[in-house]
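Data block below; observations after.
The values are calculated or read from the model by the stated rules, or taken from the named source; none is laboratory data. As the structure is a prediction and not an experimental result, all values here were calculated from the model. Reconstructed Cβ throughout: ideal geometry from the backbone, glycine too, with neighbour counts over all protein chains shown. Remember, those area values only see protein heavy atoms, side chains included, never the ligands or the DNA or RNA. Shrake-Rupley method; radii C 1.70, N 1.55, O 1.52, S 1.80 Å.
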Amino acid sequence: MAAALLVVPFTRAPAQSPQPAPRTFTRADTLRGSFTTPARAWWDVTFYDLHVAISPADSSIRGYNGITYRVVEIPSTLPEMQVDLMVPLEVDSMVQDGRAVIFRREGNAFFASLVTPQAPGDRKTLTVYYHGKPQVAKRPPWQGGFTWTTDSLGRPWVVTTDQGMGASVWWPNKDTQADEPDSQRVALTLPNPMLDVSNGRLRSTTHNPDGTTTFEWFVVNPINNYAIAVGAGSYEHYSDVLAGERGPLTLDFWPLTYHLEAARRQFPQAKSMLQCFEHWFGPYPWYEDGYKLIEVPNSGMEHQSAVAYGNWYANGYRGRDLSGTGLGMKWDFIIVHESAHEWFGNNITTKDLADMWVHESFANYAENLYTECLFGKQAGADYVIGTRRGIRNDRPIIGTYGVNDQGSGDMYPKGGNMLHTIRQIVGDDEKWRGILRGLNQTFWHQTVMGRQIEEYIGQHAGGGADLSKVFDQYLRTNRIPVFEYKIAGATLSYHWTNVEPGFDMPLKVTLAGSEFTLIHPTEQWQTKAVSLPSAAAFRVDPNFYVDVRNVTPAAPGGGGAKERP
Ligand SMILES: [Zn+2]
C-alpha cells in the first residue's frame with residue numbers, strides 16, 4: 001500500500017535503541033494469522049465465486065461467496081472448515097452439495113461442520129450467504145473497510161480497502177495471504193447509474209428490473225484476497241495498449257468523469273513505469289487480466305490488475321517528496337509505488353503478513369529504479385538515499401509470525417536501502433537485474449515465506465558474501481551496522497560493531513585517491529595500508545546504509561565522533 005510514513009526529516013532513534021517489549025497476541029490473532037491451523041490446513045482454495053449487492057442508501061451489503069477448494073489431506077477429526085467474516089456482518093447460511101451446513105461462530109471466524117465425505121483430491125464447494133453493514137474504513141487505505149462517500153458533484157462513490165486488516169471485512173473467505181484461488185469472479189450489483197470497476201476483465205453487465213446493474217468481473221490468475229476491491233462511482237473510461245515483453249498489454253483508465261482531462265495528462269506515466277519495471281523485474285504478471293488505474297477517494301492501493309489511484313493527478317506523494325531530494329516530485333508516487341506491487345506483493349505474495357517487507361521494501365526500491373530509468377543511476381541512488389530520513393529504527397521490519405502482525409514501517413525506506421546496499425555488494429548491475437527478474441520468474445504467481453526471497457538473493461548474489469547475516473541485521477534487528485575505523489599514518493584499522501554475531505558485510509571505502517575499493521570488515525579489527533592525501537580524505541561509499549564512526553584518537557574533527565557516510 002502507499003507509504004504510511006510520518007516523515008520527520010533528519011531524526012531517528014539512536015543506533016543503540018533497545019528492542020521493544022514483545023507484543024501479546026490473542027487466540028483471535030492466531031485464527032486470523034495462522035495458515036496451518038486444523039480447520040485451514042486441509043483444504044486449498046481454487047475458486048471464489050463472489051456475488052455481492054451493495055446498497056449505498058443504508059451502507060449495507062448482501063450476497064454470497066461460492067468457495068471451491070481441493071482437499072489436500074484427510075482432516076484429522078471431523079472436517080471443520082474455517083471461513084472468516086468480520087463483525088458486524090452475519091452469515092445467513094452455508095450450503096454444500098445442496099444441503100445446509102451447520103456452523104458455529106467464534107468472533108470473526110466461522111467453523112462449518114461438513115457432513116459429506118472429503119477425500120484427498122476432491123474438489124468441493126461451500127457456498128456462504130451473508131449480509132449486514134460492513135465496518136467503515138477509519139483511515140483508508142491503512143485501516144480499511146468500506147468507504148461510502150460522494151464525489152464533488154454529490155454522486156455516490158463507494159470503494160473498499162482491506163490489506164492487513166483482511167478481506168473478510170466485507171466478504172467471506174479463507175482470510176490468509178497463504179492461500180490464493182486460481183481465479184475469481186467478482187460480480188457486484190449497484191444502484192443505477194453507478195458503475196463498478198473491479199479486478200480482471202468485465203465479462204458482462206446485466207441491468208436488473210429493480211433499478212440496479214450487475215457488473216461481472218473475472219480474474220483468470222491467482223489473486224490475493226485483499227486485492228479484490230469495489231470501485232463504484234461515476235467513472236469515465238479510456239484505454240491504451242502497451243507493446244510489452246509478452247505482447248500487447250491493455251491499459252484501461254477509469255477517472256471520475258470530471259477528471260478525464262487530468263487523467264489524460266497524468267496517466268501516460270503508467271507506460272514509462274511499466275516499461276521500466278518490465279526491464280528490471282520481468283514481464284508484467286497479468287497480461288490476461290490487463291492493467292488498470294481506477295480513481296479512489298484514498299491515496300491508493302495495489303489492487304491486482306486494478307490499481308487504486310488517489311494522488312490528485314499530481315506528481316510526488318500527495319504533494320510531498322518522501323526523499324527530500326526533489327526527485328520525488330518528478331513522477332507520480334502512487335502510479336509508481338502501487339504498480340510496483342504487481343510484481344512484489346501480487347505476483348510474489350508473502351504467506352504471512354510478518355514478511356510484508358517483501359512487498360514494501362521492493363516497492364520502495366522500485367521508486368528508485370524508476371527514478372534511475374528516467375534520470376540515470378546517480379539520481380536513483382540519490383532518491384533511495386534520500387528516503388533514509390523516514391527511517392525510525394523503532395523495531396524490526398519483520399513482525400511476529402502466525403498472528404497477522406506486521407513489523408516496523410521501516411519496511412519501506414530501510415528495506416529499500418537494504419536492497420540498494422545489496423546491489424552494491426553484488427557489484428554488477430546486469431547480475432542484480434537478473435536476480436530481480438529471477439525472483440519474479442522463480443516465484444511466479446506464488447505465495448512465499450520471506451526466507452525464500454532472502455535465500456534466493458543469497459544464492460545468486462555471489463561474491464562469497466554471506467547475505468544471511470545482512471538480512472538478519474536489517475530485517476530482524478533495529479540496529480544499524482556501525483563501521484568503526486581509525487587512521488594512523490598510512491594504516492587504516494576497522495571493524496563492524498553494533499552487529500549480529502558473524503556479520504561480515506563487504507563495504508566500499510577509499511584506500512587510495514577517490515576510488516572506492518571493496519573491503520571485507522568483520523567484528524574483529526583488521527588493518528589495511530592507505531594512501532590518502534590526509535586522514536580526512538577517507539570516505540565510505542554512501543550507497544551503503546551503515547553508520548560510520550571515526551575513533552581515531554585525537555583525530556581532527558573529534559575522536560569518537562559519529563559521521564554520516
Ligand atoms: Zn506499498
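Points to keep in mind about this one:
- Rounded to the nearest 20 debye, dipole of the chain from Cβ charges on Lys, Arg, Asp, Glu: 1160
- Phi-based couplings in Hz for the stretch 343-357 (Karplus 6.51, -1.76, 1.60; Gly and Pro marked x): 8, 9, x, 9, 5, 9, 10, 7, 5, 10, 4, 4, 9, 4, 4
- Here's the picture: charge each Lys and Arg Cβ at +1 and each Asp and Glu Cβ at -1 in the stretch 262-364, and of Ala354, Gln304, Leu327 the one pushed furthest to the positive end of that dipole is Leu327.
- Cα shape, the chain, gyration tensor, a/c 1.5 rule: prolate
- Scoring 449-456, 285-292 by mean Cβ neighbours within 10 Å over their residues and listing the highest first yields 285-292, 449-456.
- When only the Cβ of Lys, Arg, Asp and Glu is charged (+1, +1, -1, -1), the dipole of the stretch 172-272 relative to its Cα centre reaches about 220 debye.
- Think of the chain as a dipole: +1 on every Lys or Arg Cβ, -1 on every Asp or Glu Cβ, centred on the Cα centre; then among Gln118, Phe146, Pro172, Phe146 lies furthest on the positive end.
- Shape category assigned to the stretch 352-448 from the gyration tensor of Cα positions, a/c cut at 1.5: oblate
- For the stretch 390-490, the solvent-accessible area of protein heavy atoms averages 33 Å² per residue (probe radius 1.4 Å; ligands and nucleic acids excluded).
- Whole-Hz ³J(HN,Hα) from phi, Karplus 6.51 cos²θ - 1.76 cosθ + 1.60, for the stretch 514-528, glycine and proline x: 10, 6, 8, 10, 7, 10, 10, x, 10, 6, 7, 5, 10, 10, 9
- Heavy-atom surface of the stretch 248-343, accessible at 1.4 Å and reported per residue (Å²): 26
- When only Cα pairs below 8 angstrom with a gap of at least 6 residues are kept, the chain shows a relative contact order of 12 percent.
- For the cross-link pairs Lys124/Lys174; Lys133/Lys292; Lys174/Lys351; Lys508/Lys528; Lys431/Lys469, the ones whose C-alpha atoms lie over 19 Å apart are Lys133/Lys292; Lys431/Lys469.
- Nearest-ten-degree value, helix 450-461 long axis tilted from longest Cα axis of the chain: 40
- Sorted on the mean count of surrounding Cβ atoms within 10 Å across their residues, most packed first, peptides 215-226, 351-362, 40-51, 121-132 read 351-362, 215-226, 40-51, 121-132.
- Sorted largest first by accessible area at a 1.4 angstrom probe radius, with every protein chain in place, the residues Asp92, Asp541 fall in the order Asp92, Asp541.
- For the stretch 466-479, the Karplus equation 6.51 cos²θ - 1.76 cosθ + 1.60, evaluated at θ = phi - 60°, returns couplings of 8, 6, 4, 6, 5, 5, 4, 5, 7, 9, 10, 10, 10, 9 Hz by residue, with Gly and Pro reported as x.
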